[in-house]
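Below is one structure, written out as structure tokens, with a few remarks after it.
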Amino acid sequence: MRRKWTLIAVLLVLVAALAYLLNLALGPRVLRVAVGPIGTQNVRVVVGFLQALQREHAALRLKLVLTEGTASSARALEEKRADLAVVRSDIAVPAEAGTVAILRHDALYFLTRPGSGIEKLRDLRGKRIGLASTQEVNTALLTRVLGFYGIEASEVRVVLGNAADIREKAAAGEIDAQFIIAPVSDRMGREAYISMTRSGVGEPGILPIAQAEAIMSETPVFASVELARGLFESDPARPEDSITTLAVTHRLVAQHALDETMISDLTRLLFSLRLLIARETPAANEIELPSSDDRGAKLPVHAGTIAYVEGETKTFFERFGDWFYIGVMVFSLCGSVAAAVWSRVVAARHPLDIDVELRELLRLIADIRAAPDKATLEAMKGALEETRTRLLAVATAAPMDDRQAANLRFLLTELREVYRERLEAFSA
């Protein structure tokens, strides 16, 4: 019985080890994604992706790591508190990360008050510029853009506030221009344009960052985007023609150390579920793949995303073949361990000697013959049954020759006959 339970315990250990390996290889993998602040478009898109993965029972899952903003998200990735992060291209992009997807482009441009005399960007010197933000990173971005045109921060007056405050000041003529940082499709730009029309007679001016391509060549963290004809007003169309301006990108990035196949799967899932995410979060329609042409760019693309874009995603066997080989080796190792344990269990038992047991049987027969009364004989009944059981175990576990087998049969028969005869004699 003890051997049986030992074998069961060894088998349970093997089953548990195999189950652990299978779960490790085939179970859902959870990736931590740093994004923030709460309530922003980036958080809504990531939450939509997280929920879509859960609904589809995907092999990859996301866990939110909420942060105070894109700079904090980048630090979380660098400090290994997150596997993925949503960052802005002009703010501390982690060196050890590659782009998985571009979540959106924020266009950069100025809207000017009618009659302000601002015809070109250099005319902003000495003017009041409204910025619908209180974040230092956006103020720094405005300073950086002005610097491209030789304007120092001290040469302008920056008016900060929330979007409603800036629109109110614009309508009251208290600012000369608004610096817009927003997606082309966002209503913020149209609302800002409308507020500027109320500040004077005539049409507000639209000043794009006209040298976008030149700036991008020197500063690769920027991108370009097009302000479509009629974006702010359709009749008459404002702008009258499409305009190209500078932009910053919000990117989902992943640590380079993450498995290439896993990131390839993540990219595939993001773009296959994009329409599903967009049903609840329309901003997901702006998600796009990064260009994989320049692999040495300042904002490199993750190798897993490149594999997806170029159709080099690994097959099932290529992905899990190593696990099958490892499983076979582990199972073989576990079998060897189980065999060693069983050998030790067997070696720890007392050796079985059939001749010793036969002599013990002869002694018991002699004791029955010498029993002085019926009470003594009946008291020996328990020892008789124990001896018979042990002999049967010995007979099945230890090899016997013909002589030993014949002796065993004879002595067992003699034991029964002697016991019966003595019992009848005492009962007569």
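Readers should treat all values here as calculations from the given coordinates under stated rules, not as data from a laboratory. Note that the structure is a prediction, hence the values are computed from the model and not measured. Note that each Cβ is placed from the backbone with ideal geometry, even for glycine, and that neighbours are counted across all protein chains shown.
Nearest 0.05, what FRET efficiency do residue 214 and residue 326 give at R0 = 60 Å with Cβ-Cβ as r?
0.65
As an equivalent ellipsoid, the stretch 11-126 spans semi-axes of 45, 15, 11 angstrom, where each value is the square root of five times an eigenvalue of the C-alpha gyration tensor, largest first.
Amide H contacts under 5 Å for residue 31: 61, 62, 63, restricted to partners 5 or more places along the chain or on a different chain, H placed in the peptide plane at 1.01 Å from N. If you wrap the tightest convex hull around every Cα atom of the stretch 237-284 and split its volume per residue, you get 141 Å³. With a Förster radius of 22 Å applied to the beta-carbon distance between residue 389 and residue 425, the computed FRET efficiency rounds to 0.25. The modelled label-to-label distance between residue 406 and residue 61, using points 7 Å beyond Cα along the C-beta direction, is 7.3 nm. The distance linking the stretch 59-99 with the stretch 135-172 is 27 Å (Cα centroid to Cα centroid, whole angstrom). If one puts a single equal scatterer on every Cα of the stretch 104-250 and applies the Debye formula without solvent, what log₁₀ I(q)/I(0) results at q = 0.11, 0.20 Å⁻¹? Treating every Cα as an identical point scatterer, log10 I(q)/I(0) equals -0.36, -1.34.
Summing charges over neighbours of residue 208, with a neighbour being any other residue whose Cβ is under 15 Å away from its Cβ, gives -3 when K and R count +1 and D and E count -1. Computed over the alpha-carbon pairs of the stretch 354-427, the distance histogram in 5 Å steps reads 3, 15, 29, 22, 14, 9, 5, 2, 0 percent, short to long.
Take residue 134 and residue 373, extend 7 Å from each Cα along the Cα→Cβ direction, and tell me the distance between the two endpoints in nm. Result for the modelled spin labels: 10.7 nm.
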